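Reading through the structure tokens given below for one structure.
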Amino acid sequence: MKILIEHGRVIDPASGRDERSDVAIADGRIVAIGRAVDFDAERRIDAAGCIVMPGLVDLAVRLREPGHEHEGMLHSELKAAAAGGVTSLVCPPDTDPPLDEPGLVEMLKFRARKLSSCRLFPLGALTRGLKGDALTEMAHLSEAGCIGFSQADHAVRDTNLLMRALQYAATFGHTVWLRPQDAWLSTGVAASGAVATRLGLSTVPVAAETVALHTIVELVRATGARVHLCRLSSAAGVDLVRRAKAEGVPITADVNVHSLHLTDVDIGYFNADMRLSPPLRQQADRDALRRALADGTIDALVSDHNPVADDAKNLPFAEAEPGASAVELLLSLALKWGQDDGVDLARTLARVTSEPARVLGASLGAHAASAGRLIEGGVADLCVLDPSHTWPVTRESLLSQGKHTPFDFTATGTALPGRVRLTVLAGGVSHEAPAS
Amino acid sequence: MLSRRNPQLNAHGELIHLLSIEGLPRDVLTQILDTAGTFLSVNDRDVKKVPLLRGKSVFNLFFENSTRTRTTFEIAAKRLSADVINLDIARSSTAKGETLLDTIANLSAMHADMFVVRHGESGAPHLIARHCAAHVVNAGDGRHAHPTQGLLDMYAIRHYKRDFSQLTVAIVGDIVHSRVARSDIHALTTLGVPEVRVVGPRTLVPGDLRAMGVRVCHDMAEGMRGADVIIMLRLQNERMTGAMLPSAAEFAKTFGLTPDKLALAKPDAIVMHPGPINRGVEIDSSVADGQASVILPQVTFGIAVRMAVMSIIAGNEA
């Protein structure tokens, strides 16, 4: 289909383009950005007052299939992603069974392709069954479509195995995605600090993150592997990453929307929607994470989407399943951060588009040139954002099968800025907001 | 974020649940202590009953084992003329796959007026209070709170010391895992005690506790010096050896309350303990049975305090 998106403010953070312009789409590609006079569109979209931007690239979205279909299905979660303006997403391997077999990965990719809501880039399990004792067949998994290897939220206990895994992955140029958490120190349910002490919750000290970061950075130095650090949560962790990057250690990092906006004080009276992993830390940590995202120490903002069923949340705090539905909120929460901290719009949008695409780099294959960007001749993955629209997040407004989020309007009383009006995936409309 | 209204109070600021002492105003605490005073005399009567909860059903829901606390709650409810139903759940229904909220929904359908809840997880009574119409009294949740124990401790302190405003109170032992310590700290600071000390090794007494308004002491002599009230906590068997402490004997030597350590406190200091005591571990027998000990009167006060709590919340509409 030939689509013409007219009169919008076109922002491409990677190139610095920011102008009022039209975008012409045909055969799945952007054929022109500018004044497309001779374009014979089958569909014209009036984007006056809206921002036309690259589709979001979300580096952490759990789809809950296979194994947790009662909490989320490929169908529901990919639709939710499209509603959030996301056109490419990375899913961690902690499904049940974990993504440690090429067949599983092929099936997942095949089914996602048929749904045409969002591009799916799976991470393969770094170790068999994520158990941390034997390597997976990385060459086979990568051929099946894995763009990197990860332990998801399962910490590796055996440092020798971690070093071997990095050496082996480096042999083939695979990126290893690691959440910095020491297995022995990260068994608690809330961040160490006054709130957890007061509420009598078991704690995760900052050292759980920093001890693991020291280990990972040393092993990266020793092996030359490329590592992406997932979900930084502390000011001390940010400092370590900043110093390692300054030395040229080949690492990138992300933070999730919850750690960027919330603190442990938000747990209130044991609100299980605040049961998250990594746990929410203190104000100083949140401030450091926000600054690090602005100055590029942290490369990307991720939703860390993890739909959780009501039954798994309506439990005492420690027994509740960690996680929240967030992929539909990613863009709004990026905008809120940008507005609160005075980060300019292009830089704000880069953290959910071109920067996560840069983290993925060559692992995207043919898609690498156009992911997270708006370029003539590039793949037409984009979204149209109405920045003046604010929306109260409610259970009813979420397409995700999981209905739990700390940003629920009934709890916060705060509406979020910016709503995706339209998402285009490979030149076709993957989501269109109902006319308001 | 919104919805930060203390869930224990109704829109008029009246107590409808007792979940934690944290956030309760001083006059609510004083009202409970004053009411408990009037009930103490009931316990001395020949007919130990008042009709305040006649026709009401009180369910004792103990997801964790307890003899003493459950018994005192049962006595308190019976002296208020309530119908008392004891359910020793101790995880049996959860083992059968029933969730906590399903258990509560079923019991609510039996027209429970009040749940007295003990649970191994911090915050479980809050969850129950959010999901049922009955009044909820927390009888101990995880490490979080044991508010009736905190209140009976305050009753004992007021009974023996009269005025909170000049006191130095030392709480000794495993503070980090203790719901009693947390409730005592909130109650003492709310009632205006100028110095609350928490005393023990760094593994059991983390520095984060300072945020609760207490002085952290890692030296027993420093903790004892000039104290008016000493609250010894029970050291749980599973914590006596391992990563937190090397042995019970070493704890007894360093932080156990012996006559010579007690001698550092004020001459008229009182010694309290929520029970059950480990003789020879956190407290020497000669101290537990000595002149300064008020451990047994605490138990008596406990019944009056629990009567007061139940009668007050039953009289307030959600």
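Within this structure, B:Ala170 passes the test of being modelled with pLDDT of 95 or more, under 17 Å from B:Ile283 (Cα atoms), away from every other protein chain (no Cβ under 14 Å) and surrounded by 21 or more Cβ atoms within 10 Å (Cβ to Cβ).
Only one entry of A:Thr414, A:Thr423, A:Thr410, A:Thr390 meets the criterion of being in a loop (DSSP other than H, G, I, E, B) and either within 14 Å of chain B (Cβ to nearest Cβ) or polar (S, T, N, Q) (or both), and that entry is A:Thr414. Of everything in the range A:255-284 that is under 19 Å from the mean Cα position of the chain (by Cα) and polar (S, T, N, Q), the residue that is nearest to the other protein chains (Cβ to nearest Cβ) is A:Ser259. The combined condition, being away from every other protein chain (no Cβ under 14 Å), crowded, with 24+ Cβ neighbours inside 10 Å and of a type in the set (Asp, Glu), is fulfilled by B:Asp153. Here B:Asp88, B:Asp83, B:Asp102 are screened, and the one residue that is farther than 14 Å from B:Val137 by Cβ, over 17 Å from the mean Cα position of the chain (by Cα), within 14 Å of chain A (Cβ to nearest Cβ) and not small (Gly, Ala, Ser) is B:Asp102. No other residue among B:Thr203, B:Thr190 is surrounded by fewer than 18 Cβ atoms within 10 Å (Cβ to Cβ) and either within 14 Å of chain A (Cβ to nearest Cβ) or not charged (D, E, K, R) (or both) apart from B:Thr203.
When the residues of the range B:22-58 are filtered to those that are of a type in the set (Asp, Glu) and away from chain A (no Cβ under 14 Å), the one that is farthest from B:Ala76 (Cα to Cα) is B:Asp27.
Considering each residue of the range B:2-18 in turn, none proves to be modelled with pLDDT under 95, of a type in the set (Gly, Ala, Ser), in contact with a strand residue (DSSP E or B) (Cβ under 8 Å, 6 or more places away or on another chain) and within 28 Å of A:Asn314 (Cα to Cα). Figure legend. Inter-residue proximity from the range B:102-123: first residues more than 15 Å from B:Glu74 (Cβ to Cβ), second residues among the aromatic types (Phe, Trp, Tyr) and in a helix (DSSP H, G or I), beta-carbon distance below 6 Å, spacing 6+ or different chains. Indicated pairs: B:Gly123/A:Phe317. Whether any residue in the range A:247-254 is touching a residue at least 24 places away in the same chain (Cβ under 8 Å) and either more than 19 Å from the chain's Cα centre (by Cα) or in a helix (DSSP H, G or I) (or both) is what I want to check. There is at least one residue in the range A:247-254 that is touching a residue at least 24 places away in the same chain (Cβ under 8 Å) and either more than 19 Å from the chain's Cα centre (by Cα) or in a helix (DSSP H, G or I) (or both). The numbered conditions (1) under 27 Å from B:Leu167 (Cα atoms); (2) small (Gly, Ala, Ser); (3) modelled with pLDDT of 95 or more are all true for B:Ser311 except (1).
Cβ-Cβ distances below 7 Å connect no pair with a first residue in the range B:159-177 that is in the same structural domain as B:Asp141 (by TED's automatic domain parsing), a second residue that is assigned to a loop (DSSP other than H, G, I, E, B), and a separation of six or more residues or different chains. Within the range B:173-185, is even one residue of a type outside the set (Gly, Ala, Ser), more than 14 Å from chain A (Cβ to nearest Cβ) and within 28 Å of A:Ala320 (Cβ to Cβ)? No, that holds for no residue. Just one of the numbered conditions (1) more than 13 Å from the chain's Cα centre (by Cα); (2) buried (at least 24 other Cβ atoms within 10 Å of the Cβ); (3) over 18 Å from A:Cys50 (Cα atoms) is not true of A:Ala380: (3). For B:Asn237, the conditions (1) surrounded by fewer than 17 Cβ atoms within 10 Å (Cβ to Cβ); (2) more than 14 Å from chain A (Cβ to nearest Cβ); (3) over 16 Å from B:Ile175 (Cα atoms) are fulfilled apart from (3).
Find the residue count for the range A:160-210, including only residues that are of a type in the set (Lys, Arg) and in contact (Cβ under 8 Å) with a residue 60 or more places away in the chain. Result for the range A:160-210: 1. Going by what's in this entry, would B:Arg70 be described as surrounded by fewer than 16 Cβ atoms within 10 Å (Cβ to Cβ), over 16 Å from B:Ala308 (Cβ atoms) and basic (Lys, Arg)? No; evaluated as a whole, the condition is false for this residue.
Among the residues of the range A:293-303, is there at least one that is of a type in the set (Gly, Ala, Ser), more than 10 Å from chain B (Cβ to nearest Cβ), crowded, with 24+ Cβ neighbours inside 10 Å and touching an Asp or Glu at 6+ places or on another chain (Cβ under 7 Å)? Yes, there is a match, as at least one residue in the range A:293-303 is of a type in the set (Gly, Ala, Ser), more than 10 Å from chain B (Cβ to nearest Cβ), crowded, with 24+ Cβ neighbours inside 10 Å and touching an Asp or Glu at 6+ places or on another chain (Cβ under 7 Å).
What's the number of the condition B:Gly55 fails, among (1) part of a loop (DSSP other than H, G, I, E, B); (2) surrounded by 17 or more Cβ atoms within 10 Å (Cβ to Cβ)? Here B:Gly55 clears every test but (2). Within the range A:400-436, the residues that satisfy the criterion of being in contact (Cβ under 8 Å) with a residue 24 or more places away in the chain and of a type in the set (S, T, N, Q) are A:Ser400, A:Gln401, A:Thr405, A:Thr423, A:Ser430, A:Ser436. For the criterion of being within 26 Å of A:Pro205 (Cβ to Cβ) and in contact with an Asp or Glu (Cβ under 7 Å, 6 or more places away or on another chain), A:Ala284 fails.
Where helices (runs of 4 or more DSSP H) fall entirely within the range B:211-310, those with at least 3 residues that are without any contact (Cβ under 8 Å) to a residue 60 or more places away in the chain and within 19 Å of B:Gly200 (Cβ to Cβ) are at B:220-224, B:248-255, B:259-262. Under the condition of being buried (at least 23 other Cβ atoms within 10 Å of the Cβ) and of a type outside the set (D, E, K, R), the residues counted in the range B:272-286 number 4.
The residue list A:Arg358, A:Arg373 contains one member that is of a type in the set (Lys, Arg), away from chain B (no Cβ under 14 Å) and part of a helix (DSSP H, G or I), which is A:Arg358.
All of A:Ala244, A:Ala326 fail the test of being free of Cβ contacts under 8 Å to residues at least 40 places away in the same chain and more than 14 Å from chain B (Cβ to nearest Cβ), apart from A:Ala244.
Every residue, every condition in (1) within 11 Å of chain B (Cβ to nearest Cβ); (2) of a type outside the set (S, T, N, Q); (3) buried (at least 22 other Cβ atoms within 10 Å of the Cβ); (4) over 17 Å from A:Asp153 (Cβ atoms), yes or no:
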{"site": "A:Ala191", "(1), (2), (3), (4)": "yes, yes, yes, no"}
{"site": "A:Thr197", "(1), (2), (3), (4)": "yes, no, yes, yes"}
{"site": "A:Ser202", "(1), (2), (3), (4)": "yes, no, no, no"}
{"site": "A:Ala208", "(1), (2), (3), (4)": "no, yes, yes, no"}
{"site": "A:Val211", "(1), (2), (3), (4)": "no, yes, no, no"}
{"site": "A:Ile216", "(1), (2), (3), (4)": "no, yes, yes, no"}
{"site": "A:Ala225", "(1), (2), (3), (4)": "no, yes, yes, yes"}
{"site": "A:His228", "(1), (2), (3), (4)": "no, yes, yes, no"}
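The values are calculated or read from the model by the stated rules, or taken from the named source; none is laboratory data. Only a predicted model underlies this, so the values are computations on that prediction, with no experimental measurement involved. We place every Cβ from the backbone using ideal geometry, glycine too, and count neighbours over all the protein chains shown.
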